[in-house]
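See below for the structure under consideration.
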Amino acid sequence: MTYIHDTIAKLKKTSPAQAEFYQAVEEVLDSLQPILETNEKYQLHSIIERMIEPERQIMFRVPWVDDQGKVQVNKGYRIEFNSALGPYKGGLRFHPSVNAGIIKFLGFEQIFKNALTGLPIGGGKGGANFDPKGKSDGEIMRFCQSFINELYRHIGPTTDVPAGDIGVGAREIGYMFGQYKRLTGNYDGVFTGKSLLWGGSLVRKEATGYGCVYFAQYMLESKGDTLVGKRCLVSGAGNVAIYTIEKLYQLGAVPVSCSDSSGTIYHEAGVNLDTLKELKEVRKVRLNEYLTAHPDARFIPVADYPADGNAVWRLPADLAFPCATQNELSESDAQALVANGCIGVSEGANMPSTQDAVEVFLDARIHYGPGKAANAGGVATSQLEMAQNASMQRWSFEEVDEKLKVIMKNIFLSASETAAEFGEPHNLVLGANIAGFRKVADAMIEQGVV
Ligand SMILES: NC(=O)C1=CN([C@@H]2O[C@H](COP(=O)(O)OP(=O)(O)OC[C@H]3O[C@@H](n4cnc5c(N)ncnc54)[C@H](O)[C@@H]3O)[C@@H](O)[C@H]2O)C=CC1
Ligand SMILES: O=C(O)CCC(=O)C(=O)O
């Protein structure tokens, strides 16, 4: 369709050198072809042109003092992408690879993901090219305070509500909230993913991983299958990976791998969750230390990965849960998974599979839950945290978990019913993109040209 082709060509000119952002936009626009062809209103209202341009992009300097007394400077970002459905909502990522293109891809995905939850939240994302690895607690605190010294004026409980992502967990949210409170004098629900001691919601920590497994469960159930006894590959060893592994065990599956940026652990007997939590949540060390407690496991260092992919996806298993980062699963990895008998993929990370890898899954007709549907449990539970804060209530673990299950089920149904409506019932990429798009686009039209 020349309209889509021209739109992407123009985007590349006006927003140069943002490869991940183009990738996310191309995937969505390809899926939207059938709805754009039959609904002139979206072109008349320039919905696509408006959707791919953030409402606001905030870029700022983050100066801070390290433990040696030297001043360091990082780049900070908050991209307020789309507020048609509610306040901007999305995490903050602290990682050295962060740049405007990565935050834009994440913010763009967040628009559709948040729409799919059915909750009143718009899309945004932020972060900094700060590397938390090896930093002292004092350095992390000073960085977070400096980050908020600028960001505080742009956020608020009904305007823009950040949360965590890679490199940002409850500790960082605590330091950022403290500084926000000091600067504004407000004690409000401006962040989610807060500590349970002061306004956090039960289940938020677990929600992305749990939700991703619930999504896999619903995909399997739709074909009369279950998770029981399934051997599962999980990548990553952070928040999403850990709680994906926890829920897989609870539902009778056997997670056999995890990974970090140093390499992959393969434990045929099943990954030991207590050891993993101790290494990553408490001691924050490299995964090879897992072998000390479990000499029967195998560690594959990154140096031994295949040139065209990631060792974790070359292992035999029934299901795959990419939970680390974008583009961590290549076309060759996807081919290896399918050849080894993998029957389903549920993405905990954002855009972990390359476009070619996604094609392999769709062509092979295996279950494929794209990140914006399968990992939406995190942001959905963030909205439940906002609802509890606003009504000064606190719901039990069971109550929140039950709501999370219902939300994930509805996302699965909405993506699969939309996919069927457009004649490709197995294609949840198409279904999720169109279902999310329709809600945002129609809201934008109703709200006029703004
Ligand atoms: N935390 C949340 O609620 C949500 C997170 N996500 C996505 O899930 C993914 C993981 O995020 P979190 O677990 O929150 O972050 P985290 O900081 O807790 O963990 C990230 C993990 O991925 C590993 N990792 C990073 N780059 C890697 C690489 N190149 N190779 C192998 N491992 C690598 C890190 O070592 C770390 O163990 C990201 O794509 C994030 O955007 C998506 C939805 C919500
Ligand atoms: O909980 C949130 O607000 C955001 C979670 C997030 O960053 C994501 O869904 O990728």
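The values are calculated or read from the model by the stated rules, or taken from the named source; none is laboratory data. As the structure is a computational prediction, the values presented were derived from the model and not from experiment. Heads up, the Cβs are rebuilt from the backbone with ideal geometry, glycines too, and the neighbour counts pull from every protein chain shown. Surface areas here come from the heavy atoms of the whole protein model, side chains and all, with no ligands, DNA or RNA. Shrake-Rupley method; radii C 1.70, N 1.55, O 1.52, S 1.80 Å.
Tally the residues that are open to solvent by 80 Å² or more (accessible area, probe 1.4 Å) and of a type in the set (Asp, Glu), restricting the search to the stretch 384-433.
5
Conditions first: (1) open to solvent by 50 Å² or more (accessible area, probe 1.4 Å); (2) in contact with a Phe, Trp or Tyr (Cβ under 9 Å, 6 or more places away or on another chain). Gly185 passes all but one, so which condition is the exception?
All conditions pass for Gly185, except number (2).
Report whether or not Ala374 is within 16 Å of Gln217 (Cβ to Cβ), within 16 Å of ligand 1 (Cβ to nearest atom) and in contact (Cβ under 8 Å) with a residue 40 or more places away in the chain. Talk me through it step by step, then tell me what you get.
Numbers: within 16 Å of Gln217 (Cβ to Cβ): yes; within 16 Å of ligand 1 (Cβ to nearest atom): yes; in contact (Cβ under 8 Å) with a residue 40 or more places away in the chain: yes.
Against the criterion (within 16 Å of Gln217 (Cβ to Cβ), within 16 Å of ligand 1 (Cβ to nearest atom) and in contact (Cβ under 8 Å) with a residue 40 or more places away in the chain), Ala374 qualifies.
Taking the stretch 73-83, which residues are under 13 Å from Cys144 (Cα atoms) and among the polar types (S, T, N, Q)?
Across the stretch 73-83, the qualifying residue is only Asn74.
Looking only at residues that are away from ligand 2 (no atom under 16 Å from the Cβ) and out of contact with any helix residue (DSSP H, G or I) (no Cβ under 8 Å at 6 or more places or on another chain) in the stretch 144-174, which one is nearest to Thr381 (Cα to Cα)?
Among residues in the stretch 144-174 that are away from ligand 2 (no atom under 16 Å from the Cβ) and out of contact with any helix residue (DSSP H, G or I) (no Cβ under 8 Å at 6 or more places or on another chain), the one nearest to Thr381 (Cα to Cα) is Arg153.
Looking at the stretch 88-117, I want the residues that are within 17 Å of Met444 (Cβ to Cβ) and have a partner that is within 11 Å of ligand 1 (Cβ to nearest atom) and hydroxyl-bearing (Ser, Thr, Tyr) with Cβ atoms under 7 Å, at least 6 apart or on another chain. Which pairs are those?
Close Cβ pairs (under 7 Å, with a partner that is within 11 Å of ligand 1 (Cβ to nearest atom) and hydroxyl-bearing (Ser, Thr, Tyr)) amount to Lys89/Ser382.
Pairs only if they're at least six apart or on different chains, beta carbon under 7 angstrom, first in the stretch 202-223 and at positive phi and within 13 Å of ligand 2 (Cβ to nearest atom), second among the β-branched types (Val, Ile, Thr) and open to solvent by less than 10 Å² (accessible area, probe 1.4 Å); list them, first residue then second.
So the pair list comes out as Val203/Thr381; Val203/Val400.
List pairs: first residue in the stretch 354-368 and assigned to a loop (DSSP other than H, G, I, E, B), second residue of a type in the set (Ser, Thr, Tyr) anywhere in the structure, Cβ distance under 7 angstrom, at least six positions apart or on different chains.
Matching pairs, first to second residue: Thr354/Ser330.
Every residue, every condition in (1) part of a loop (DSSP other than H, G, I, E, B); (2) away from ligand 1 (no atom under 16 Å from the Cβ); (3) not hydrophobic (A, V, I, L, M, F, W, C), yes or no:
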site	(1), (2), (3)
Gly224	yes, yes, yes
Gly229	yes, yes, yes
Thr264	no, no, yes
Val271	yes, no, no
Leu276	no, no, no
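Look through Glu26, Glu53, Glu37, Glu49 and report the one residue that is of a type outside the set (Gly, Ala, Ser) and at pLDDT below 95. So that I can check it myself, show each step before the final result.
Details: Glu26 fails: at pLDDT below 95; Glu53 fails: at pLDDT below 95; Glu49 fails: at pLDDT below 95.
None of the others qualify; the one that does is Glu37.
State the number of residues belonging to the stretch 67-93 that are outside any strand (DSSP E or B) and either open to solvent by less than 20 Å² (accessible area, probe 1.4 Å) or within 16 Å of ligand 1 (Cβ to nearest atom) (or both). Explain how you work it out, then say what you get.
Looking only at the stretch 67-93, we keep the residues that are outside any strand (DSSP E or B), and these are 67-70, 83-87.
Of the ones still in play, those that are also either open to solvent by less than 20 Å² (accessible area, probe 1.4 Å) or within 16 Å of ligand 1 (Cβ to nearest atom) (or both) are 84, 86.
Total satisfying the criteria: 2.
Within the stretch 263-292, can you find the residues that are under 17 Å from Cys323 (Cβ atoms) and surrounded by fewer than 15 Cβ atoms within 10 Å (Cβ to Cβ)?
The answer is Glu281, and nothing else.
Just to be sure I understand, how many residues within the stretch 100-153 are part of a loop (DSSP other than H, G, I, E, B) and more than 30 Å from Lys403 (Cα to Cα)? Steps first, please.
Taking the stretch 100-153 as the starting set, the residues that turn out to be part of a loop (DSSP other than H, G, I, E, B) are 117-121, 129-136.
Next cut, more than 30 Å from Lys403 (Cα to Cα) only: 129-136.
Result for the stretch 100-153: 8.
Can you tell me which of (1) assigned to a helix (DSSP H, G or I); (2) surrounded by fewer than 21 Cβ atoms within 10 Å (Cβ to Cβ) is the one Pro96 doesn't meet?
Here Pro96 clears every test but (1).
Residues to consider are Thr192, Thr159, Thr208; find the one that is crowded, with 24+ Cβ neighbours inside 10 Å and under 18 Å from Ser391 (Cα atoms).
Details: Thr159 fails: crowded, with 24+ Cβ neighbours inside 10 Å; Thr208 fails: under 18 Å from Ser391 (Cα atoms).
Of the residues listed, the single one that is crowded, with 24+ Cβ neighbours inside 10 Å and under 18 Å from Ser391 (Cα atoms) is Thr192.
Out of Arg56, Arg50, which single residue is exposed (fewer than 15 other Cβ atoms within 10 Å of the Cβ) and touching a strand residue (DSSP E or B) at 6+ places or on another chain (Cβ under 9 Å)?
Working: Arg50 fails: exposed (fewer than 15 other Cβ atoms within 10 Å of the Cβ).
It is Arg56.
When residues of the stretch 231-262 are filtered for being in a helix (DSSP H, G or I), open to solvent by 40 Å² or more (accessible area, probe 1.4 Å) and more than 8 Å from ligand 1 (Cβ to nearest atom), how many remain?
Quick first cut of the stretch 231-262, residues in a helix (DSSP H, G or I) only: 239-250.
After this cut, where a residue has to be open to solvent by 40 Å² or more (accessible area, probe 1.4 Å) as well, the list is 239, 249-250.
With the extra rule that they be more than 8 Å from ligand 1 (Cβ to nearest atom), the set shrinks to 249-250.
Counting residues in the stretch 231-262 that are in a helix (DSSP H, G or I), open to solvent by 40 Å² or more (accessible area, probe 1.4 Å) and more than 8 Å from ligand 1 (Cβ to nearest atom) gives 2.
I want to confirm something. Restricting to the stretch 127-143 and keeping residues that are charged (D, E, K, R) and open to solvent by 20 Å² or more (accessible area, probe 1.4 Å), which single residue is nearest to His95 (Cα to Cα)?
Step one: filter the stretch 127-143 for residues charged (D, E, K, R), giving 131, 133, 135, 137, 139, 142.
Imposing the further condition that a residue be open to solvent by 20 Å² or more (accessible area, probe 1.4 Å) reduces the set to 131, 133, 135, 137, 142.
On the way: Asp131: 5, Lys133: 9, Lys135: 12, Asp137: 16, Arg142: 16 Å.
Filtering first and then ranking leaves Asp131.
Please state which one of Met351, Met386 is within 21 Å of Gly436 (Cβ to Cβ) and in a helix (DSSP H, G or I). Full working, then the answer.
Numbers: Met351 fails: in a helix (DSSP H, G or I).
The match here is Met386.
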